[in-house]
Each structure stands twice: as structure tokens, then as C-alpha cells.
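Here is the structure we will look at, set down as C-alpha cells.
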Amino acid sequence: MAYSEKVIEHYEKPRNVGTFGTQKEIKERQDIGVGLVGAPECGDVMQLQIKVGDDGNIEDAKFKCFGCGSAIASSSLATEWLKGKTLDEGLEIKNTEIVEELSLPPVKIHCSVLAEDAIKSAIADYKEKNTK
Amino acid sequence: MSIKLPIYLDHAATTPCDPKVVESMMPYFTDMFGNTGSRNHSFGWDSEEAVSKAREQVASLIGADPKEIIFTSGSTESNNLAIKGAANMYAKNPAGSENRGHIISVIHEHKAVLDPCKRLEKEGFDVTLLEPGQDGLVTRKMIEDAIRDDTILVTVMWANNEIGTINEIPQIGELCHDKGIIFHTDATQWVGKMPTNVKKDNVDLLSLSAHKMYGPKGVGALYVRRRRPRVRLIALQEGGGQERGYRSGTLNVTGIVGLGKACEICAQTMDSERERLLKLRNKLESSLESRLDVVQVNGHREKRLAHATNISFGFVEGESLMMALKEIAMSSGSACTSASLEPSYVLKALGVGDDLAHSSLRITMGRWTTEEEVDYAIEKIVEAVNKLRELSPLFDMHNEGIDISKIEWAAH
Ligand SMILES: Cc1ncc(COP(=O)(O)O)c(C=O)c1O
């Protein structure tokens with residue numbers, strides 16, 4: 001399968017790879033929201049973490065991804081887009097925008113869907129931690 | 001020594017043509033282009049002579065009589081002719097009725113066996129697909145347990161194309177002969193690499209393909225036993241009655257000459273090649289296993305082809321691994337590469353966990369694979385796996401002692 005240049009670029013130099021701590025540490029931190037989506041048996045798992053600043057904006061984002069090049073590129077792109085956004089702006093990111101930006105072929109659209117899910121679930125996790 | 005990129009390590013998919021094979025074919029394109037059916041001039045006689053020689057070369061590689069070789073367009077056609085041809089010939093009831101007979105095959109066969117079996121199922125035959133265990137081996141015992149009074153055909157591949165596992169073909173053949181059941185084997189990955197004797201190995205029908213043994217694409221053969229038992233088939237295509245009526249159509253003389261030459265070369269070189277490639281394969285596997293953890297070699301550890309390996313690297317997805325290794329041509333168990341998003345059905349059938357099935361590479365070496373190339377592949381694979389594990393949330397979880405199989409993954 002031929003990949004678009006943008007996918008290859010993200011794959012070779014993924015942005016914002018990492019985590020803000022171990023799974024245990026992250027659970028206890030109020031300023032961090034985690035989205036873990038996908039499943040190993042489907043061939044993709046994405047983990048997206050957002051760090052929310054005192055002003056309520058997304059200050060930093062990090063990802064890890066088990067998946068094909070398009071899944072890695074989609075999650076890398078998502079972290080780039082999230083940084084500096086408000087939570088509401090983050091929720092507005094659509095998978096179709098990711099498809100467009102990375103020129104994903106039809107068989108890879110699920111990667112962008114997964115990235116959108118990861119964003120939504122990271123934001124939801126943050127909100128849940130902070131409503132109590 | 002510098003090596004030429006990209007490196008080809010996908011010889012189970014196809015092999016390059018040996019230059020000696022190409023050379024042998026050349027005159028038959030331009031000078032000796034006759035139709036073997038032209039019985040009254042020298043052009044026809046020359047072609048006929050070339051085809052007879054090739055028939056002897058093929059027969060001699062597998063211990064058959066030249067009269068028992070039917071030339072085809074490759075293993076797909078040979079399998080179709082053998083399976084449908086035998087089923088229809090030995091059917092218990094006529095076309096259009098039910099209970100026409102029982103056929104035994106195996107779930108990890110090539111599609112070129114499974115799909116003809118499925119077709120026959122629609123046409124009134126009963127098909128049992130056996131599921132071998134973790135090592136992928138098909139044993140005589142498994143077949144024995146599946147045989148019924150109405151079993152007419154057993155078809156089991158000699159060596160598996162994804163994991164290289166070698167099945168108990170001579171033993172299964174003996175069993176079938178005892179029971180009077182026709183026995184076919186898809187030997188596409190086996191012939192030319194391992195000594196074969198259809199007489200001693202009790203095979204009735206055997207498929208082989210030139211492009212897996214350094215011959216040209218689009219040509220192969222079906223061995224059809226003529227004595228004890230004399231196997232008969234119902235032909236799939238009708239016409240000029242070539243190949244004893246089993247395969248009508250003007251013979252692909254150039255291709256057949258190439259197949260013959262390829263067989264001759266394999267007969268001379270296979271033993272030393274096997275030894276050489278086994279050393280390289282062992283080096284490849286032991287280096288990867290010692291330098292990376294959570295590495296699993298799929299299939300039976302000993303009973304498999306010497307030039308092949310199928311390895312899963314935990315926590316790394318196969319397609320991204322191939323992307324990192326784009327200067328090495330290999331095959332990934334994660335069939336994203338073939339555009340269907342399923343992990344290999346063969347690995348799944350072996351009970352390889354879905355996550356590991358998504359993480360496998362099939363590496364198959366060949367006649368021109370060098371130690372330098374294997375060393376290069378080892379370095380690159382280690383580098384790529386490490387890079388992707390840095391990226392993998394599953395690897396973090398593993399390192400933190402979290403059992404991935406116990407997580408409730410949101411189904412997607
Ligand atoms: C086991 C097996 N059977 C059949 C085939 C099909 O062979 P051919 O390409 O000659 O039709 C292949 C090759 O893809 C194979 O590996």
C-alpha cells in the first residue's frame with residue numbers, strides 16, 4: 001500500500017510521543033485526561049493523554065500507538081491539533097479533517113475514527129476527574 | 001561488502017527466475033515456436049521434444065513417471081483440477097444430488113484449495129476442515145479420526161506457505177491407500193526444496209508451481225498417479241484434448257521448458273541450499289530472540305522448511321513494522337497489506353493470540369540470499385521493533401506488569 005507523504009512524515013517523526021507517567025501515576029493526577037481506545041486484536045490501540053492548565057486549556061498532549069502507519073500518523077496529528085485548544089474546541093475535531101489532512105485512503109478511515117474517539121475519551125476522562 | 005537494496009526475503013510469495021532457466025527458454029520464443037500438436041513438420045516435433053524433456057525433468061524431481069505429469073498454469077489450476085476433478089470422478093451420487101461424498105482438508109490450506117472445497121460443498125459434497133493444534137502440524141492421526149465410510153478425497157498441503165510447517169504426508173498417504181481414498185497434496189512450497197518421491201510417499205495427486213522454484217510464473221504441473229491406484233479425473237476445461245484430455249489448450253512450451261530446467265537445477269542444488277539456508281535461518285532467529293524479548297516463532301519448531309520463518313514481535317503491529325523495514329521485502333501476518341483488515345487466518349487457526357498474529361513477519365530466504373543480507377535484516381528488524389515499542393502503549397503496560405489480555409478493550 002502506498003502511503004501519503006504526510007503519513008510517512010508523521011510516521012518517521014512522530015510528534016509528542018510519550019506519557020505523563022505510569023498508568024498508576026496518571027490515574028491519580030487531576031490535570032490529566034486519558035483516552036485509551038481500540039483493541040490489540042483489531043490491530044490498533046491508541047493512548048492519548050491531555051494535560052490541562054489552570055486556565056482550562058489543553059496545555060500539552062502526548063500519545064502512544066500500537067497500529068499501522070496511518071494510525072500512528074492520525075494520533076500524532078491529533079496531539080498537534082489539541083495543544084493550546086480549549087476542551088470544547090478539542091471536541092470539535094472531526095475524523096474527516098484528519099482524513100483530509102493525511103490523505104488517508106478508504107481502508108484507513110478507521111484510523112481517523114479511532115483518533116477522534118481517543119480525543120473525546122481523553123476529554124471525557126478529564127471532565128469526569130474534575131466534576132467530583 | 002556493500003549490499004544492494006531492497007533485499008528480497010519473500011521467496012514463499014515467488015522467486016526470481018534463475019538466469020539458466022531464462023536461457024533455456026529463449027529459443028522457444030522465436031526459433032522453435034511450433035505447436036506440439038503439429039505432428040507433420042519439424043517445428044511441431046522440436047516443441048514436442050522439448051516438452052518431453054521437461055516432462056522427464058519434472059517427473060524425475062518427484063519420483064514419478066513422465067506419463068504421470070500434466071502441465072498446467074500453476075498450482076491454483078493444479079489444485080482445482082485435482083480436487084474438483086477427483087471429487088466429480090469418485091462422487092457417490094450424480095451431479096445435482098446430495099450426499100455425493102466426503103472430503104477432508106485443513107483450515108490453514110491455501111485459498112486455492114479451500115475455495116475449490118467450498119465450491120464442492122455447494123455442489124452436494126460434504127467437507128470437513130480440520131483444525132490443527134498450536135504447532136500447525138497435520139498428522140496421520142487427525143486424518144484417521146476424520147475419515148468416514150463415505151470419504152472419497154483427502155487434500156493436505158505438504159508444507160504450509162505461511163509458517164513452513166511440514167505435515168505427515170507419507171503417513172497420511174499410506175492411510176489413504178489402506179482405505180482406498182484418493183490423496184492430493186498441494187506441494188507448492190515443498191517441491192524443489194525437499195526430496196520427494198510420490199511412489200514411496202504414497203501421493204496420488206500432487207500440485208507444483210514453477211515460480212516458487214526459480215522458474216517462470218504461470219506454469220506448473222499436476223502429478224496424476226497411474227498405478228496402484230490408477231487415478232482418474234474429470235477435466236475442467238474441454239477442447240483439443242491435450243495432456244491426456246485432462247488439460248485442453250495449446251501447451252505453454254516456453255514456460256514448460258523453463259519449469260523443466262528449474263526442476264533440474266533444484267534437483268542438483270537443493271541439498272546444499274537447504275543446509276546453507278538453515279544456517280542463515282538459525283542465525284536470524286537466534287539473533288532476534290537474543291536481542292529482543294517477547295519474540296515468538298510461529299509453527300512447529302523443527303518440522304518446517306529450512307528457508308522459512310514466521311516470527312511475532314509482541315506489542316508491535318505488523319504493518320507499521322513493514323513500513324519501518326521498507327528496504328526489506330517480506331510478508332506480514334497482519335493482512336492489512338492485502339487490504340483486508342484481518343490478521344492471518346493461518347496464524348489465527350493456530351491459536352496465535354490476535355495481538356501476536358497482528359505482529360508477525362514471514363521471512364523466506366532463497367537461492368541468492370547472502371549472509372550479509374541476513375545480517376542487515378537482523379540489524380534493521382531489531383532497530384524497527386525497538387523504535388515501535390517506544391511508541392507502543394502495550395509495551396508500556398507490559399513493562400508496568402499489566403496483563404494486556406485482562407484489559408476490557410472497547411470493541412471497535
Ligand atoms: C501453498 C500454495 N498453494 C498454491 C499457490 C498458488 O500457486 P500459483 O501461483 O502457481 O497458482 C501458492 C502460491 O501462492 C501456495 O503457496
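The values are calculated or read from the model by the stated rules, or taken from the named source; none is laboratory data. Given the structure is predicted, the values throughout are model-derived calculations rather than measurements. Cβ sites come from the backbone with ideal geometry, for glycine too, and all protein chains shown count toward neighbours. What goes into the accessible areas is simple: the full protein's heavy atoms, side chains included, and nothing from ligands, DNA or RNA. Shrake-Rupley method; radii C 1.70, N 1.55, O 1.52, S 1.80 Å.
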Considering residues that are more than 14 Å from every other protein chain (Cβ to nearest Cβ) and open to solvent by 10 Å² or more (accessible area, probe 1.4 Å), the number found within the stretch A:58-92 is 13
Would a scan of the stretch B:31-49 turn up a residue that is more than 16 Å from the ligand (Cβ to nearest atom), open to solvent by less than 20 Å² (accessible area, probe 1.4 Å) and touching a Lys or Arg at 6+ places or on another chain (Cβ under 9 Å)?
no
Only one of (1) within 17 Å of B:Q242 (Cβ to Cβ); (2) within 16 Å of the ligand (Cβ to nearest atom) fails for B:T76. Which number is that?
(1)
Report yes if some residue within the stretch A:94-107 is at positive phi and at pLDDT 95 or above; otherwise report no.
yes
Residue tally, condition more than 14 Å from the ligand (Cβ to nearest atom) and part of a helix (DSSP H, G or I), over the stretch B:79-91:
7
When the stretch A:28-57 is examined, which residues are found to be within 12 Å of another protein chain (Cβ to nearest Cβ) and open to solvent by 50 Å² or more (accessible area, probe 1.4 Å)?
A:L36, A:E41, A:C42
Answer residue from the stretch B:1-30, given it is small (G, A, S) and within 16 Å of the ligand (Cβ to nearest atom) and is farthest from the other protein chains (Cβ to nearest Cβ) among those
B:A12
Conditions (1) assigned by TED's automatic domain parsing to the domain that holds B:G239; (2) open to solvent by 30 Å² or more (accessible area, probe 1.4 Å) -> B:K279 fails only (1)
Can B:I62 be described as of a type in the set (A, V, I, L, M, F, W, C) and more than 18 Å from B:V219 (Cβ to Cβ)?
no
Taking interchain pairs and intrachain pairs at least six residues apart, which have beta carbon atoms under 6 angstrom, with the first residue in the stretch B:389-412 and of a type outside the set (K, R) and the second buried (at least 17 other Cβ atoms within 10 Å of the Cβ) and at pLDDT below 85?
B:L394/B:I404; B:M397/B:I404; B:H412/A:C42
Reported set for the stretch B:219-237 where residues are in contact with a strand residue (DSSP E or B) (Cβ under 9 Å, 6 or more places away or on another chain), in a loop (DSSP other than H, G, I, E, B) and within 16 Å of the ligand (Cβ to nearest atom) is B:V219
Could you please let me know if B:V58 is within 30 Å of B:D31 (Cα to Cα), within 15 Å of the ligand (Cβ to nearest atom) and open to solvent by less than 10 Å² (accessible area, probe 1.4 Å)?
yes
Pairs returned, first residue in the stretch B:51-78 that is under 19 Å from B:K200 (Cβ atoms) and in a helix (DSSP H, G or I), second residue that is of a type in the set (S, T, N, Q) and within 16 Å of the ligand (Cβ to nearest atom), beta-carbon separation under 8 angstrom, 6 or more apart or interchain, are B:L61/B:T196; B:I62/B:T196
Only one residue in B:I256, B:I311 is open to solvent by less than 10 Å² (accessible area, probe 1.4 Å), over 30 Å from A:C42 (Cα atoms) and either aromatic (F, W, Y) or touching a strand residue (DSSP E or B) at 6+ places or on another chain (Cβ under 7 Å) (or both), so which one is that?
B:I256
Being hydrophobic (A, V, I, L, M, F, W, C), over 15 Å from A:A118 (Cβ atoms) and in contact with a helix residue (DSSP H, G or I) (Cβ under 8 Å, 6 or more places away or on another chain) narrows it down to one of A:V7, A:V17, so name that one.
A:V7
Identify the residue in the stretch B:199-218 that is surrounded by fewer than 24 Cβ atoms within 10 Å (Cβ to Cβ) and more than 14 Å from B:C17 (Cα to Cα) and, among all such residues, is nearest to the ligand (Cβ to nearest atom).
B:D201
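Do we have any residue at all in the stretch B:52-59 that's out of contact with any Phe, Trp or Tyr (no Cβ under 6 Å at 6 or more places or on another chain), over 24 Å from B:N202 (Cα atoms) and at pLDDT 95 or above?
For the stretch B:52-59, residues out of contact with any Phe, Trp or Tyr (no Cβ under 6 Å at 6 or more places or on another chain), over 24 Å from B:N202 (Cα atoms) and at pLDDT 95 or above: present.
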